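Enquirer: Here you go, one structure.
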Amino acid sequence: MNDLYLQLAVAALIGIGAGYLGSFMVLKRMSLVGDALSHVALPGIALALIWNLNPFFGAFTALFLATVGVWILERKTELPSETLVGIFFTLSLAVGLLLTPEPELLEALFGDVSSVNSSDLFITVIAVATIIITTSLISRGLIMGILSKDMAKSMNISVNKTNLIFMILISLVVALGLKVAGTLLMGSLVIIPAAAAKNVSTSISRYVFIAASFGALASIGGMLATGFLPIPPGPSIVLAGGIIFLATLALTPRQ
Amino acid sequence: MSEQILNVQNLTVSFGNNTVIENLSFSVNKNDVVAIVGPNGAGKSVLFRALLQFVPYTGKIEWTKKLKVSYIPQKFNVDRDFPITVKEFLRLKSNNHKDILLALESVGLKNKQDEQHHIEHHLLNERMGWLSGGQLQRVLIAWAILDNPDVLLFDEPTAGIDVGGEETIYNLLKKLNDERAMTILLISHDLNIVYKYANTVLCVNKQKICFGRPNDVLDPQALVKLYGGEAAFYAHEHKN
């Protein structure tokens with residue numbers, strides 16, 4: 001496979017996965033969770049680089065442990081989760097910055113999709129499929145839980161379990177997105193397409209579909225722009241998302 | 001004598017040192033309309049949450065086996081920009097379109113002669129956040145009765161609805177009680193409503209103040225006991 005097509009495919013798939021999952025994160029008012037979580041990935045990436053493993057696995061392991069850790073601590077302590085997240089995640093960033101070998105630091109912080117290989121494509125396909133299938137399986141519980149936790153419980157939906165699965169999926173999407181946008185910009189891949197889709201949707205089904213499409217569109221548009229402009233792909237993709245968002249503002253339906 | 005479907009004995013609910021419900025006992029028969037009244041903070045909503053097993057309690061709560069219970073909480077807010085249509089919301093509970101139309105008919109959101117086209121475009125595909133308070137409450141009731149529950153727990157059916165709309169919601173609940181033989185437990189502030197629609201009233205202010213037929217038990221003494229102590233109650237509330 002040609003390198004450019006490979007990069008485009010990986011970026012577009014990640015855009016779809018991030019847009020799709022991001023649409024539920026925005027509804028759950030967890031937009032910034034992706035942003036905060038992405039910092040935790042850094043020590044994982046660093047260790048993977050030191051031990052010569054695929055950074056994706058290092059990042060996902062670190063994110064998974066952090067997510068489950070916060071989920072448990074939230075139940076065992078009186079501390080609000082935003083405090084936990086604040087402490088835990090900035091510490092991780094500090095440790096990550098100390099551990100990451102200097103030549104790779106820039107890529108870890110900003111991502112570099114031009115370095116992907118075919119095993120990355122394979123991982124991406126599996127991970128994005130997992131995200132989409134699992135999310136659609138728990139979507140009923142997710143939506144009911146957002147609308148009313150008590151009504152969800154009265155339907156025998158386990159809100160806690162649904163949230164844990166959702167958090168693990170977020171770790172997965174963040175670990176994936178790091179390749180494209182890095183630790184600092186990853187958060188935007190989940191927020192921007194969803195926020196733009198929300199502007200132009202009245203139904204959930206449309207909203208979720210449009211968010212995933214905008215994710216793909218931003219990735220492809222951003223990647224193609226790097227062919228003409230002397231800019232790196234990560235920021236370019238994020239800016240393409242920004243342009244889509246501004247365009248949708250004009251189309252927001254009003255009652 | 002009709003069949004008893006709920007039996008509550010010595011129910012006590014505490015959060016830390018704060019006892020919200022104390023030693024409450026009562027029972028509900030099939031097809032009853034039970035109004036639960038009491039001042040703010042009297043533990044009415046907590047009572048519902050205990051009946052649904054959402055909060056830990058001591059004492060006994062016995063529902064008849066295999067009873068289907070539907071619950072509409074006091075707080076249900078959909079943001080205006082939350083992208084979900086009425087149809088999608090109802091489908092979270094049932095995928096059967098016929099049942100959905102039937103439920104909408106029951107709550108008066110669809111007339112028998114309404115065309116399919118009309119209902120699709122003017123209600124089912126409408127965004128939830130754009131409904132009026134009264135419409136939203138009817139959609140919630142439609143949601144609650146979709147799977148033909150035996151019992152409906154309704155916390156403040158008319159919160160946020162204007163006076164004219166209140167009457168219609170209660171008429172509707174009474175109709176469901178008659179037509180679908182649904183047992184209804186509702187929390188209300190309005191004593192007029194209790195006299196008019198409920199066959200049983202349970203007055204609570206942490207403890208049981210009165211229980212029985214409204215005309216028998218809602219005497220001046222009970223009302224003073226129920227609402228007269230309100231000031232004292234508030235004074236205690238800020239202790240911690």
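Enquirer: Condition first: within 14 Å of another protein chain (Cβ to nearest Cβ), surrounded by fewer than 17 Cβ atoms within 10 Å (Cβ to Cβ) and in contact with a Leu (Cβ under 8 Å, 6 or more places away or on another chain). Now tell me which residues in the stretch A:101-154 satisfy that.
Expert: A:Arg140
Residue-wise test of (1) within 14 Å of chain B (Cβ to nearest Cβ); (2) under 29 Å from A:Leu105 (Cα atoms).
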| site | (1), (2) |
| --- | --- |
| A:Ile165 | no, no |
| A:Ile168 | no, yes |
| A:Ser171 | no, yes |
| A:Leu176 | no, yes |
| A:Ala181 | no, yes |
| A:Ala211 | yes, no |
| A:Ile220 | no, yes |
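Enquirer: Moving to a separate point now. Can you find even one residue in the stretch B:22-40 that is within 14 Å of chain A (Cβ to nearest Cβ), open to solvent by 10 Å² or more (accessible area, probe 1.4 Å) and under 23 Å from B:Leu218 (Cβ atoms)?
Expert: no
Enquirer: From (1) assigned to a strand (DSSP E or B); (2) modelled with pLDDT under 90; (3) of a type in the set (A, V, I, L, M, F, W, C), pick out the condition that doesn't hold for B:Leu67.
Expert: With respect to (1) assigned to a strand (DSSP E or B); (2) modelled with pLDDT under 90; (3) of a type in the set (A, V, I, L, M, F, W, C), B:Leu67 is out only on (1).
Enquirer: Do the conditions hold for B:Ile61, that is, is it among the β-branched types (Val, Ile, Thr), surrounded by fewer than 18 Cβ atoms within 10 Å (Cβ to Cβ), away from chain A (no Cβ under 14 Å) and assigned to a strand (DSSP E or B)?
Expert: yes
Enquirer: Here is a further query. Give just the number: which of (1) farther than 15 Å from A:Ser23 by Cβ; (2) touching a helix residue (DSSP H, G or I) at 6+ places or on another chain (Cβ under 9 Å) does A:Leu142 not satisfy?
Expert: Among (1) farther than 15 Å from A:Ser23 by Cβ; (2) touching a helix residue (DSSP H, G or I) at 6+ places or on another chain (Cβ under 9 Å), the lone unmet condition for A:Leu142 is (1).
Enquirer: What are the residue pairs meeting all of these: first residue in the stretch B:79-103, first residue facing chain A (nearest Cβ under 7 Å) and modelled with pLDDT of 90 or more, second residue part of a helix (DSSP H, G or I) and open to solvent by 70 Å² or more (accessible area, probe 1.4 Å), Cβ atoms under 7 Å, and 6 or more apart or on different chains?
Expert: B:Glu88/A:Ser205; B:Leu92/A:Arg140
Enquirer: Select from the stretch B:64-78 the residues that are at the interface with chain A (Cβ under 8 Å from one of its Cβ atoms) and in contact with a strand residue (DSSP E or B) (Cβ under 9 Å, 6 or more places away or on another chain) and list them in ascending order.
Expert: B:Val69, B:Ser70, B:Tyr71, B:Ile72, B:Pro73, B:Lys75, B:Val78
Enquirer: For the stretch B:197-214, give me the residue count where each residue is touching a helix residue (DSSP H, G or I) at 6+ places or on another chain (Cβ under 7 Å) and either assigned to a helix (DSSP H, G or I) or open to solvent by less than 20 Å² (accessible area, probe 1.4 Å) (or both).
Expert: Result for the stretch B:197-214: 7.
Enquirer: Quickly run through the stretch B:186-219 and pick out the residues that are among the aromatic types (Phe, Trp, Tyr) and over 15 Å from the mean Cα position of the chain (by Cα).
Expert: Those that are among the aromatic types (Phe, Trp, Tyr) and over 15 Å from the mean Cα position of the chain (by Cα): B:Tyr195, B:Phe211.
Enquirer: Going by the conditions given, is A:Lys198 facing chain B (nearest Cβ under 9 Å) and either under 16 Å from A:Met25 (Cβ atoms) or of a type in the set (A, V, I, L, M) (or both)?
Expert: yes
Enquirer: Considering only the stretch A:229-236, I want to know if a residue exists there that is in contact with a Ser or Thr (Cβ under 8 Å, 6 or more places away or on another chain), open to solvent by 40 Å² or more (accessible area, probe 1.4 Å) and away from every other protein chain (no Cβ under 14 Å).
Expert: The answer is yes, given that some residue of the stretch A:229-236 is in contact with a Ser or Thr (Cβ under 8 Å, 6 or more places away or on another chain), open to solvent by 40 Å² or more (accessible area, probe 1.4 Å) and away from every other protein chain (no Cβ under 14 Å).
Per-residue answers, yes or no, for (1) modelled with pLDDT of 85 or more; (2) open to solvent by 40 Å² or more (accessible area, probe 1.4 Å):
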{"residue": "A:Leu8", "(1), (2)": "yes, no"}
{"residue": "A:Val26", "(1), (2)": "yes, no"}
{"residue": "A:Arg29", "(1), (2)": "yes, yes"}
{"residue": "A:Leu63", "(1), (2)": "yes, no"}
{"residue": "A:Leu73", "(1), (2)": "no, yes"}
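Enquirer: Within the stretch A:66-87, identify whether any single residue is part of a helix (DSSP H, G or I), in contact with an Asp or Glu (Cβ under 9 Å, 6 or more places away or on another chain) and farther than 22 Å from A:Leu178 by Cα, and answer yes or no.
Expert: So far as the stretch A:66-87 goes, yes, one or more of its residues are part of a helix (DSSP H, G or I), in contact with an Asp or Glu (Cβ under 9 Å, 6 or more places away or on another chain) and farther than 22 Å from A:Leu178 by Cα.
Enquirer: If A:Ile192 meets every condition in (1) within 14 Å of chain B (Cβ to nearest Cβ); (2) in contact with a Phe, Trp or Tyr (Cβ under 6 Å, 6 or more places away or on another chain) apart from one, which number is that one?
Expert: Of (1) within 14 Å of chain B (Cβ to nearest Cβ); (2) in contact with a Phe, Trp or Tyr (Cβ under 6 Å, 6 or more places away or on another chain), only one is false for A:Ile192: (1).
Enquirer: Within the stretch A:215-222, does at least one residue satisfy the condition of being open to solvent by 40 Å² or more (accessible area, probe 1.4 Å) and within 26 Å of A:Ile143 (Cα to Cα)?
Expert: yes
The values are calculated or read from the model by the stated rules, or taken from the named source; none is laboratory data. Keep in mind it's a predicted model, so treat the numbers as computed, not measured. No Cβ is skipped: glycine too gets one built from the backbone with ideal geometry, and neighbour counts run over all protein chains shown. Each accessible area value is taken on the protein alone, full model and side chains, heavy atoms only, with ligands, DNA and RNA left out. Shrake-Rupley method; radii C 1.70, N 1.55, O 1.52, S 1.80 Å.
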